[in-house]
1. Taking region 443-470 only, how many residues are surrounded by fewer than 18 Cβ atoms within 10 Å (Cβ to Cβ) and among the β-branched types (Val, Ile, Thr)?
2. Could you give every pair whose Cβ atoms fall below 9 Å, whose first residue belongs to region 167-195 and is on the phi > 0 side of the Ramachandran plot, and whose second residue is within 11 Å of ligand 1 (Cβ to nearest atom), counting only separations of at least 6 or pairs across chains?
3. Test ALA335 against the stated conditions and say whether it is within 12 Å of ligand 1 (Cβ to nearest atom), closer than 15 Å to VAL17 by Cβ and not aromatic (Phe, Trp, Tyr).
4. Taking the conditions exactly as written (assigned to a loop (DSSP other than H, G, I, E, B) and either within 16 Å of ligand 2 (Cβ to nearest atom) or over 27 Å from VAL190 (Cβ atoms) (or both)), does THR276 satisfy them or not?
5. Looking at ILE6, ILE32, can you tell me which residue is more than 16 Å from ligand 2 (Cβ to nearest atom), of a type in the set (Val, Ile, Thr) and touching a helix residue (DSSP H, G or I) at 6+ places or on another chain (Cβ under 6 Å)?
6. Only one of (1) surrounded by fewer than 23 Cβ atoms within 10 Å (Cβ to Cβ); (2) near ligand 1 (Cβ under 10 Å from one of its atoms) fails for HIS76. Which number is that?
7. Do we find that LEU340 is touching a strand residue (DSSP E or B) at 6+ places or on another chain (Cβ under 6 Å), more than 16 Å from ligand 2 (Cβ to nearest atom), of a type outside the set (Lys, Arg) and modelled with pLDDT of 95 or more in this structure?
8. Determine whether region 165-173 contains at least one residue that is more than 16 Å from ligand 2 (Cβ to nearest atom) and over 16 Å from ASN281 (Cβ atoms).
Amino acid sequence: MDKFDIVVIGGGPGGYVAAIRCAQLGLKTACIDSWRTEDGKPALGGVCLNVGCIPSKALLDSSHHYEHAQHALPAHGITTKGVQLDIGVMQARKQKVVRTLTGGIEALFLKHKITWLRGHGRLIGERQVEVRGHDGATQTVQGKHLIIATGSTPAPLEQAPFDGERIVDSTGALAFTEVPKKMVVIGGGVIGLELGSVWRRLGAEVVVLNRGKVFLSKVDEDLGKEAYRQLGAQGLDIRLGAQVTKLSVNKKQVSLQIKDGKGEATLKVDKVLVATGRVPNTEGLNVEGVGLAVDAHGFIAVDEHCRTNLPGVYAIGDVVRGPMLAHKASEEGVAVAEHLAGQHSHMNYETIPWVIYTWPEIAWVGKTTQQLRDANRDFRAGIFPFMGNGRAHAMGDTAGLVKILSDAKTDRVLGVHIIGPYASEMISEAVTVMEFGGAAEDIARTVHAHPTLSEAMHEAALAVADRALHR
Ligand code: FAD
Ligand code: NAI
């Protein structure tokens, strides 16, 4: 039996980052990962690199270029004729981006002398893991400590079971080889909006069905309203309070009976994407056999240091509580590695940024207006629209706004919410300020380069004290 200081199960952004940090800290580390690409080759990077963050952003970028070339360039005086789509090239490019990055992780594993065990890991007690290789051969490894980072998988929906052809999950919707003529997305959350946007931009008629009546209910109310307006104007047909009451599939199409506030309707479409959330992946781990505690929703139960109920066994990423985000998984991986190496580890769950990569992008950190109101907290809000920002005009991207919420007495920043161009990049300033316990006044007194989109952040901070300059 091979023995290691650390055995990590799962090679996604939680597991592979934990493995790298452990190795950097001098710990003898193995990482077991079961991922295999379509052609059967093992690959590191988990959902994020293979079928999540990276391929979705590659398609979002490609589809943005396609739409931009058709609809935005004429306003710049650039005429394009016969803009054509080669979906094969677009998909091949996406796969190349994925391969480059997963290959990069493999190189980092070699550099840090991390043992990569290709196969499925199953807990068998005493921090031992049985690894079943892709060829069926098994071996047992033991770690002084274990880190479980087995991630999550799409939640199935009873009314619309995945068939991999007409009714697909996000992985299926990332791999379409043709643009669907008409498509329904069940679930108006992050995946539904990102992948719905991709296929709409490429020419599909997309209907998004959301069970809840409030669009993006966890997002600040002003952003939710603006997102609904902007995405709707682009052509996403978003139906709120909508449910699928009946669904049937034949060779050619899917027929859905839907019910929403306006009544009942029948939709006939060629693809259905089900994106109604993800569930923690503990399948085949032998959780019950070793007595590993899970919570009511099936997540592995952990404390603030990601310790499970089993001595020496930690769990991180999507398989534990908290947002299902790659950067959250990675930061937990680093925190656990440093904790195991005897260092002071730090993970601030209050300042994890969120981004939805539609266009305009939606990004936020900290508390929303609704949360502060519900908590009876006195706060001030500063809002600045991109319509008042010079760079946004130069780009031709003036939709959206920046909203800063700060404590009414101390002015400490409690939340920052952005909908607009490159909100994903802009949110970092807010995260840094909040990490340092900064005030809106700190942002207001910081010089921001001109002309940049970040000046909208500056103006929103000024607006908190009612002294925005360009409004
Ligand atoms: P995962 O990435 O799920 O990795 C787990 C790994 O463990 C997998 O390789 C799996 O095969 C392996 N595994 C599971 N069980 C075993 C076992 N028993 N033995 C061995 N190996 C095992 N997040 C963002 O922050 N930004 C984004 O833009 C973003 N976009 C996304 C787009 C899509 C379409 C999807 C689906 C997700 C997206 N996410 C995004 C979420 C992000 O992908 C996840 O939060 C992240 O991958 C979680 O990392 P993880 O390491 O916990 O698990
Ligand atoms: P989600 O939780 O973001 O959204 C699910 C949506 O489906 C909700 O709006 C919910 O009201 C709706 N819903 C649930 N059941 C329904 C039903 N029966 N009919 C109609 N609507 C229903 O989940 P999603 O989009 O599947 O994404 C999963 C997770 O993956 C995200 O929460 C996020 O953590 C991660 N992710 C992150 C991305 C990013 O950071 N940019 C991109 C994609 C995914």
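The values are calculated or read from the model by the stated rules, or taken from the named source; none is laboratory data. Computed from a predicted structure; not experimentally measured. As a convention, Cβ positions derive from the backbone with ideal geometry for all residues, glycine included, and neighbour counts pool all protein chains shown.
1. Within region 443-470, residues that are surrounded by fewer than 18 Cβ atoms within 10 Å (Cβ to Cβ) and among the β-branched types (Val, Ile, Thr) number 3.
2. GLY187/LEU273; GLY187/ALA275; GLY187/GLY277
3. No.
4. yes
5. Just one listed residue meets the conditions, ILE6.
6. Only one criterion in (1) surrounded by fewer than 23 Cβ atoms within 10 Å (Cβ to Cβ); (2) near ligand 1 (Cβ under 10 Å from one of its atoms) is unmet by HIS76, namely (2).
7. Here the answer is yes, as LEU340 does meet what is asked.
8. Within region 165-173, one or more residues are more than 16 Å from ligand 2 (Cβ to nearest atom) and over 16 Å from ASN281 (Cβ atoms).
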